Amino acid sequence: MLRTYSYSDRVRYYWADPEIDEAANRLISNLSDVAIPENLLSRYLPEQYWQLRRGQIDATPMSLVLSRIREVIGVYAAACRA
């Protein structure tokens, strides 16, 4: 019940699965072959869009993913400082 309906990030339950790992690697590989339009980044990854515009990150899929992960972890880190 908790795995299905919790607000927690459920990927941790499946990340070690070889199929999931392969799918994630395939997604990154496929995205590496195309230019992600800036208007999509602006809409769905606004912080990464601005980081790209400021030259803080590049537009590679892994750079975008890692930046987004850092952004989310930053929210948790800020909550710990309260």
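The values are calculated or read from the model by the stated rules, or taken from the named source; none is laboratory data. Just so you know, these numbers come straight off a predicted model, no measurement behind them. When we count neighbours, we look across all protein chains shown, and the Cβ atoms used for this are built from the backbone with ideal geometry, even at glycine.
Taken over the range 53-71, residues that are exposed (fewer than 10 other Cβ atoms within 10 Å of the Cβ) and either basic (Lys, Arg) or more than 19 Å from Glu38 (Cβ to Cβ) (or both) amount to 1.
Show the residue pairs that are 6+ apart or on different chains and have beta-carbon atoms under 8 Å apart, the first residue being within the range 54-80 and touching a residue at least 24 places away in the same chain (Cβ under 8 Å), the second being exposed (fewer than 12 other Cβ atoms within 10 Å of the Cβ). Close Cβ pairs (under 8 Å, with a partner that is exposed (fewer than 12 other Cβ atoms within 10 Å of the Cβ)) amount to Ala59/Ala35; Thr60/Ser32; Pro61/Ser32.
A Cβ distance below 9 Å, combined with a sequence gap of six or more or placement on separate chains, defines the contacts here; from the range 7-28, residues that are at pLDDT 85 or above reach residues that are of a type in the set (Val, Ile, Thr) and not in a loop (DSSP other than H, G, I, E, B) in the pairs Ile20/Val11; Ile28/Val65.
If you go through the range 61-77 one residue at a time, do you hit one that is under 13 Å from the mean Cα position of the chain (by Cα) and aromatic (Phe, Trp, Tyr)? Checked the range 61-77: no residue is under 13 Å from the mean Cα position of the chain (by Cα) and aromatic (Phe, Trp, Tyr). The number of residues in the range 13-35 being part of a helix (DSSP H, G or I) and of a type in the set (Phe, Trp, Tyr) comes to 1.
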